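Every read-out reported here was derived from the displayed coordinates using simple, explicitly stated rules and does not represent laboratory data. None of the values given here were measured: they were computed from a predicted structure. Quick reminder, even Gly has a Cβ in these numbers, built from the backbone with ideal geometry, and neighbours come from all protein chains shown.
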Amino acid sequence: MLFSFAMISLGLTLTILDFQNGRNLTSVFLASLGVTVMFSGPLIAYILTSGWLLGMFSIAYLRFFHTVADSSLIVTMVFLASLIFVFGLYAEHIRLKANLSAVRMRDLTLHDQLTGAYNRLFLNEYIQKLISAKNRYGTTLSCILIDIDHFKDINDTWGHPVGDRVLVTLVGTVREQLRDSDTITRMGGEEFLILLPETPLYAAMIVAEKIRRITEKIPFNGFTLTISLGVCEIRDKESFESVFRRCDQALYRAKYKGRNRVESCMECSPVTSPSK
């Protein structure tokens, strides 16, 4: 049998006839089972440009084949069996590759292409799951709405490439402060929404303040980057539209009070919207 494996590793076929006269242990064992003929061949899967030696295919018969035609029949049977196996493996490879492509494509559709943050398509699906879980299990859920201060001035003064770099850098900085369960979504322009599952308002305020302080320390030549943040905890049975309005009110309160600050919204009343 070791000889058989050695032949297979070289990609060769091996036919053994008349085990009854064999002297090695393998021949003796197979002969005791009544085996007289065995054919072994390699199973090689050619996927793309790589040839994978998958193993060995063997077929044994209990009666001796005297004619060349009989031996050829065995060879043909093994070849067809190998071919079916290899095509099945290739089909499975194609299926897995297609599934992976579909997953990657969906991942692209759920992310903002510039910053890598989630987009509103993702948010619309995910927020409903979070709200349902909160209502069912009584957990807490908080939101942080972020807006970059004077972002239009940054674009007008330093150019859109710098503005793009600001957006990308901000998202990367925010992600470093979040847990794996937290998410950041680009709502549009320079506005981002953070979702913090199982986080009460006071804890969300701490996270928001930490993000604000770290952001103003990001080194940019010629200007200091600052953000304003509005924080809310979602109430029982509250819709996303409702909590987003309250977050927006808290954000504009932060803008109204001078920017570069964090404001919470328990029972926010509308304020005059300042220029960004």
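Worth a mention:
- Student exercise, segment 133-177 dipole from Lys, Arg, Asp, Glu Cβ charges, in Debye to nearest 20: 400 debye
- Contour minus Cα-Cα distance for Leu110 and Glu125 (0.36 nm per residue): 4.4 nm
- Stretch gain in nm, segment Glu191-Ile214, where the contour uses 0.36 nm per residue and the Cα spacing is subtracted: 6.5 nm
- Distance between modelled label sites at Arg165 and Gln177, nm, 7 Å Cα→Cβ extension: 2.2 nm
- Remark: segment 89-248 carries a charge dipole of roughly 480 debye about the Cα centre, counting +1 on each Lys and Arg Cβ and -1 on each Asp and Glu Cβ.
- The protection proxy used here, the mean number of other Cβ atoms lying within 10 Å of each residue, ranks peptides 248-255, 91-98, 197-204 as follows, highest first: 248-255, 197-204, 91-98.
- Proxy reagent accessibility, fewest Cβ within 10 Å first, across Val262, Val168: Val168, Val262
- When the Cα positions of Ile154, Pro200, Thr169 are compared along the charge dipole of segment 138-208, Pro200 comes out farthest toward the positive end, with charges on each C-beta of Lys, Arg, Asp and Glu.
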